[in-house]
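The structure under discussion appears below in the form of structure tokens.
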Amino acid sequence: MRLRRRMLLETLVRVVADSVAINAALIAALIIRFLLLVRNLTIEATSYKYQELIDESIRSYRSSAILLTLLCLVVFYLSGFYTYGRAYRSRYKMLLIFQAVSVSYLVFGFLSYLLASSYSPFSPTMPRAALIGAWGLTLLLIGGMRVASNFWRRVTWAEAKITGKPRVNSVKNVTVIGGAGYIGSVLVRKLLENGYSVTVLDALLYGDESIRDLKEHSEFELIPDDLRNVEAVVKALQHAHAVIDLAALVGDPACELDEKLTIEINLAATRMIAEAARGYGVERFIFASTCSVYGASDQVLDEHSALKPISLYAKTKIGSEEVLLSLTGDQFAPTILRFGAAYGLSPRPRFDLVINLFTAQALTDKKITILGGEQWRPFIHVDDAAEAIIKVLQAPINTVSGQVFNVGSDDQNYRIKQLGEVVQAHIPDVQINRQDEDIDLRNYRVSFAKFREQLGFTPQHTIADGIAEIKAAIEAGKLGDFREKRFSNYMTLSDENHVQLIHRTHLTPLYAVNSEGGL
């Protein structure tokens, strides 16, 4: 309701401003016509013609102003002036404004002719010269207001760039795409604790339990809709100062279920959201990527290392990174965060994550199954992942604009087999079974020096902390059976009801992904 009130107020302000501009143009055109006619009058005719021309101008305004204003506002609305439609946000905005104003005046002229032919007492009596003048002045005022607004933003951004001063971090309203998810539900709580106003756009495929307790918070708004629905995205961006995009089909098995759907959600929707955010003047855009983009390598990898995606999930993340970085400019500052594999307790628990799964298996089955085990992975606690996002959100924008950061801890690069040993050390009497079938080919160790040195970020949690909190929650009976569908992305998305729900949504245009992971 709070979001709707804000949207209504902002739309009302724009409608009032346009109404004033339309009427000002109409009055100015009538005044100009009056002055030109008076100038051509002879001295003898001036005394009686003067009042006649004034009366005619007043009658013309009274008979035409309401109809013309209403027509213009309706056409403006249909053209996306107040809903920020895709065409209105494009580079052809001025052409669209020209078209909308011209159509409004043409329709007005046509209705004036029809009403005059029927001898209606409500027939508009706008002189032709004044009508043409009003059309030109309306174009000037309606287009001028929008150009001036754009120009002012460009001037302030350019000034900050020339002087070398960091742009002021005036972020108050944050939109989190996927805010009910594993990391998102932790992040949203931290943002609210830090005084931000948060709007969440989430399709709630895994339910709303993770954020249910936040719905009464005065600074929290939930838009339960699909990120592929452009209307829902527009609502979510209405008052955003920053966007944090966490939404995706996450994990290799979940993404392999439906390749087309994965590309729609993980890539095409990212582009649409980014373009909409840039159209709204949102500078900060933080995108959650993954260290999985590095694929397989025996080297320690940093942000300049070659990307060798093995899975569709990684390919779509690389494609999204390329899209966002190509949009970087003075008015749009995306930041890419390549997270290590997450673990730990979240309001939206997951047991398709290796550390969480091993802990649950050890407690429940007294047995851990490891496929392969020699593969390297970097890890980060879900709480530290949320803190890293806030760190970027609060950093000087010049420091993070267009940057790619690996997010994790150098100390938490582990072989999968080592994880089993760590779990075994905290949960005794556990049997470890290693199998060589169906080995995950991903293998990467990652350096997190850039993020640590440039933003001063150091994770506060260890894998032992994550094991301990998962163990405590299971033993206290807070989570139930870890094998339930709701704890696994793959199992949830395999459910027929969820598949039908996903395919009923509005889709954005698709963008192809090539074999290297790019667009």
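The values are calculated or read from the model by the stated rules, or taken from the named source; none is laboratory data. Predicted, not measured: the structure shown is a model, and the values here were computed from it. Cβ coordinates were reconstructed from backbone atoms using ideal geometry, including for glycine residues, and neighbour counts include every protein chain displayed.
Any idea which of PRO378, PRO349, PRO334 is buried (at least 24 other Cβ atoms within 10 Å of the Cβ), of a type outside the set (Val, Ile, Thr) and part of a loop (DSSP other than H, G, I, E, B)?
Details: PRO378 fails: part of a loop (DSSP other than H, G, I, E, B); PRO334 fails: part of a loop (DSSP other than H, G, I, E, B).
Of PRO378, PRO349, PRO334, the one residue that is buried (at least 24 other Cβ atoms within 10 Å of the Cβ), of a type outside the set (Val, Ile, Thr) and part of a loop (DSSP other than H, G, I, E, B) is PRO349.
Just to verify a result, which residue in region 352-375, among those that are among the β-branched types (Val, Ile, Thr) and outside any strand (DSSP E or B), is farthest from ALA288 (Cα to Cα)?
Here the residue is THR364.
Between LEU325, LEU312, which is out of contact with any helix residue (DSSP H, G or I) (no Cβ under 8 Å at 6 or more places or on another chain) and either of a type in the set (Ser, Thr, Tyr) or assigned by TED's automatic domain parsing to the domain that holds ARG452 (or both)? Before you say what the answer is, go through the steps one by one.
Numbers: LEU312 fails: out of contact with any helix residue (DSSP H, G or I) (no Cβ under 8 Å at 6 or more places or on another chain).
Every option except LEU325 fails the conditions.
Quick one: how many residues across region 430-482 are part of a loop (DSSP other than H, G, I, E, B) and on the phi < 0 side of the Ramachandran plot?
Count: 20.
For a quick check of your reading of the model, give me the residue pairs whose first member lies in region 49-67 and is farther than 18 Å from ALA116 by Cα and in the same structural domain as ARG128 (by TED's automatic domain parsing), whose second is assigned to a helix (DSSP H, G or I) and polar (S, T, N, Q), with beta-carbon atoms closer than 7 Å and at least 6 apart or on different chains.
From region 49-67, no pairs qualify.
Taking strands (runs of 3 or more DSSP E) that do not extend beyond region 177-259, which have at least 3 residues that are surrounded by 24 or more Cβ atoms within 10 Å (Cβ to Cβ)? Reasoning before the result, please.
Working: elements: 197-201, 220-223, 242-245.
Ranges flagged: 197-201, 242-245.
Within region 404-415, can one find any residue that is assigned by TED's automatic domain parsing to the domain that holds GLY207, surrounded by fewer than 19 Cβ atoms within 10 Å (Cβ to Cβ) and not in a helix (DSSP H, G or I)?
There is no residue in region 404-415 that is assigned by TED's automatic domain parsing to the domain that holds GLY207, surrounded by fewer than 19 Cβ atoms within 10 Å (Cβ to Cβ) and not in a helix (DSSP H, G or I).
Could you give every pair whose Cβ atoms fall below 7 Å, whose first residue belongs to region 343-358 and is closer than 13 Å to SER488 by Cβ, and whose second residue is of a type in the set (Phe, Trp, Tyr) and assigned to a loop (DSSP other than H, G, I, E, B), counting only separations of at least 6 or pairs across chains?
If the second residue must be of a type in the set (Phe, Trp, Tyr) and assigned to a loop (DSSP other than H, G, I, E, B), the pairs left are ARG348/TYR182; ARG348/TYR206; ARG350/TYR182; PHE351/PHE482; LEU357/PHE351.
Do any residues in region 300-329 that are farther than 14 Å from SER401 by Cα have Cβ atoms under 6 Å from those of residues that are assigned to a loop (DSSP other than H, G, I, E, B) and among the hydroxyl-bearing types (Ser, Thr, Tyr), where the two are at least six apart or on different chains, and which pairs are they?
Between residues of region 300-329 that are farther than 14 Å from SER401 by Cα and residues that are assigned to a loop (DSSP other than H, G, I, E, B) and among the hydroxyl-bearing types (Ser, Thr, Tyr), the close pairs are VAL300/SER447; ASP302/SER447.
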